[in-house]
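Visitor: What follows is a structure written as structure tokens; I'll ask about it next.
The values are calculated or read from the model by the stated rules, or taken from the named source; none is laboratory data. Here the structure is a predicted model, which means the values were calculated and not measured. Here Cβ is always computed from backbone atoms with ideal geometry, including for glycine, and neighbour counts include all displayed protein chains.
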Amino acid sequence: MTPGFHAASRRDFFLGMGAWWPFRPRKLAMGDTALRVARHGRSSWRFLHIHGDESTARSVLQQAAPVGMSFFIESERREIPVEGGWIDPNRLFSHAGAERSLRRRNRQWSEAQLINAGLRLDHQRPKLLEALLPRDGGVLIALHNNGVGYSIETEIPLSQKVSFKDPSRPGDFMLATSARDFALMETSPFNCVLQSAAPPPDDGSLSRQCALRGKRYVNIEARSGGHEIQRAMLDWLIAHLPVQQEF
């Protein structure tokens, strides 16, 4: 083998590796914006920050930089643009949920505009779900922030089981779609609920899609500004939930 051929082969090999190199950032289309994908090592953990205005959740996930794949919405707003209108990004994971959110937030639109936006999201959804939904043995953790008007008490009527450990902090809690995960989470010092079978109507949320598909999902809710409690819940889950190594 000549030196020139050897050098060219090595260059082509490493260029080819760029398509799957685990630390290479990627992006996933979501409406007219994107999810930035960062990978730290190889693991079946998935982590998501989906609402751009929830800055506490973003900073907690960035600072923790857990092993696995993390997804960050490239927006500073709660809603994202799509075809000249707006949609809640956590309401587009089903056709019915996306249509409901589009109608509610774009009341001036014609039926043709609604159909076009819906078709755009229908086209993007399979790739989003393929990337976000954990494989068997894996788990997806979403980080959210809330304010006055939303708490664990909002979710109790929709839940199959509840562990209300700290009534003084109703805005700080975890939501699981797996009964086995919830059984472990009950042993934590944190509030938590199980929603393995959310009632209709379909709201297009990722938690509902995970429940329908039998995927493990945990939502970590914390009040805006509650860095310490949200990081504590994240660290507890990583330390206690069983997750298979990804190869």
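Visitor: Determine, yes or no, whether Ala112 is within 29 Å of Arg77 (Cβ to Cβ), at pLDDT 95 or above and surrounded by fewer than 14 Cβ atoms within 10 Å (Cβ to Cβ).
Guide: Taking the combined requirement at face value, the residue satisfies it.
Visitor: Sticking with this structure for a sec: Which ones in segment 185-202 are of a type outside the set (S, T, N, Q) and modelled with pLDDT of 95 or more?
Guide: Met185, Glu186, Pro189, Phe190, Cys192, Val193, Leu194
Visitor: Just to be sure, is Thr177 within 19 Å of Leu194 (Cβ to Cβ), touching a Ser or Thr at 6+ places or on another chain (Cβ under 8 Å) and among the hydroxyl-bearing types (Ser, Thr, Tyr)?
Guide: Spelling it out, Thr177 is indeed within 19 Å of Leu194 (Cβ to Cβ), touching a Ser or Thr at 6+ places or on another chain (Cβ under 8 Å) and among the hydroxyl-bearing types (Ser, Thr, Tyr).
Visitor: Next question, about the same structure. What about Gln124, is it in contact with a Gly (Cβ under 9 Å, 6 or more places away or on another chain) and under 16 Å from Leu35 (Cα atoms)?
Guide: Yes: the conditions hold for Gln124.
Visitor: Oh, and also: Please go through segment 209-224 and pick out each residue that is of a type in the set (Lys, Arg) and surrounded by fewer than 21 Cβ atoms within 10 Å (Cβ to Cβ).
Guide: Arg213, Arg223
Visitor: While we're looking at this one, here's another question. Can you tell me which of Trp86, Trp45 is of a type in the set (Phe, Trp, Tyr) and under 20 Å from Leu114 (Cα atoms)?
Guide: Unique residue meeting the criteria: Trp86.
Visitor: Okay, next question. Since Leu184 meets every condition but one in (1) more than 12 Å from Asn219 (Cα to Cα); (2) outside any helix (DSSP H, G or I); (3) in contact (Cβ under 8 Å) with a residue 24 or more places away in the chain, which condition does it not meet?
Guide: Evaluating Leu184 over (1) more than 12 Å from Asn219 (Cα to Cα); (2) outside any helix (DSSP H, G or I); (3) in contact (Cβ under 8 Å) with a residue 24 or more places away in the chain leaves (2) as the failure.
Visitor: Looking only at segment 87-102, decide whether some residue is over 18 Å from the mean Cα position of the chain (by Cα) and of a type in the set (Asp, Glu).
Guide: yes
Visitor: Here's another thing I want to ask about it. Touching a residue at least 40 places away in the same chain (Cβ under 8 Å), surrounded by 15 or more Cβ atoms within 10 Å (Cβ to Cβ) and charged (D, E, K, R) - does that describe any residue in segment 91-106?
Guide: Yes - at least one qualifying residue is present in segment 91-106.
Visitor: If you don't mind, there's one more thing I want to ask. Starting from residues that are part of a helix (DSSP H, G or I), over 13 Å from the mean Cα position of the chain (by Cα) and not small (Gly, Ala, Ser), keep the ones in segment 44-80 and report whichever is surrounded by the fewest Cβ atoms within 10 Å (Cβ to Cβ).
Guide: Filtering segment 44-80 for residues that are part of a helix (DSSP H, G or I), over 13 Å from the mean Cα position of the chain (by Cα) and not small (Gly, Ala, Ser), the one surrounded by the fewest Cβ atoms within 10 Å (Cβ to Cβ) comes out as Gln63.
Visitor: Which of the residues that make up segment 225-241 are surrounded by fewer than 18 Cβ atoms within 10 Å (Cβ to Cβ) and touching a Leu at 6+ places or on another chain (Cβ under 8 Å)?
Guide: Hit for segment 225-241 is His240, nothing else.
Visitor: What pairs come out if I take residues in segment 32-47 that are under 14 Å from Leu140 (Cα atoms) and pair them with residues that are hydroxyl-bearing (Ser, Thr, Tyr) and not in a loop (DSSP other than H, G, I, E, B) whose C-beta lies under 6 Å away, six or more apart or interchain?
Guide: So the pair list comes out as Phe47/Ser70.
Visitor: Does segment 199-216 include one or more residues that are part of a strand (DSSP E or B) and not basic (Lys, Arg)?
Guide: no
Visitor: Only one of Phe164, Phe182 is surrounded by fewer than 23 Cβ atoms within 10 Å (Cβ to Cβ), modelled with pLDDT of 95 or more, over 16 Å from the mean Cα position of the chain (by Cα) and of a type in the set (Phe, Trp, Tyr). Can you tell me which?
Guide: Phe164
Visitor: Mind checking which residues of segment 109-141 are part of a loop (DSSP other than H, G, I, E, B) and either of a type outside the set (Lys, Arg) or without any contact (Cβ under 8 Å) to a residue 24 or more places away in the chain (or both)?
Guide: Trp109, Ser110, Leu133, Pro134, Asp136, Gly137, Gly138, listed by residue number.
Conditions tested, residue by residue: (1) surrounded by 16 or more Cβ atoms within 10 Å (Cβ to Cβ); (2) within 19 Å of the chain's Cα centre (by Cα); (3) free of Cβ contacts under 8 Å to residues at least 24 places away in the same chain.
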{"position": "Val148", "(1), (2), (3)": "no, no, yes"}
{"position": "Ile156", "(1), (2), (3)": "no, no, no"}
{"position": "Phe190", "(1), (2), (3)": "yes, no, no"}
{"position": "Ala198", "(1), (2), (3)": "yes, yes, no"}
{"position": "Asp203", "(1), (2), (3)": "yes, yes, no"}
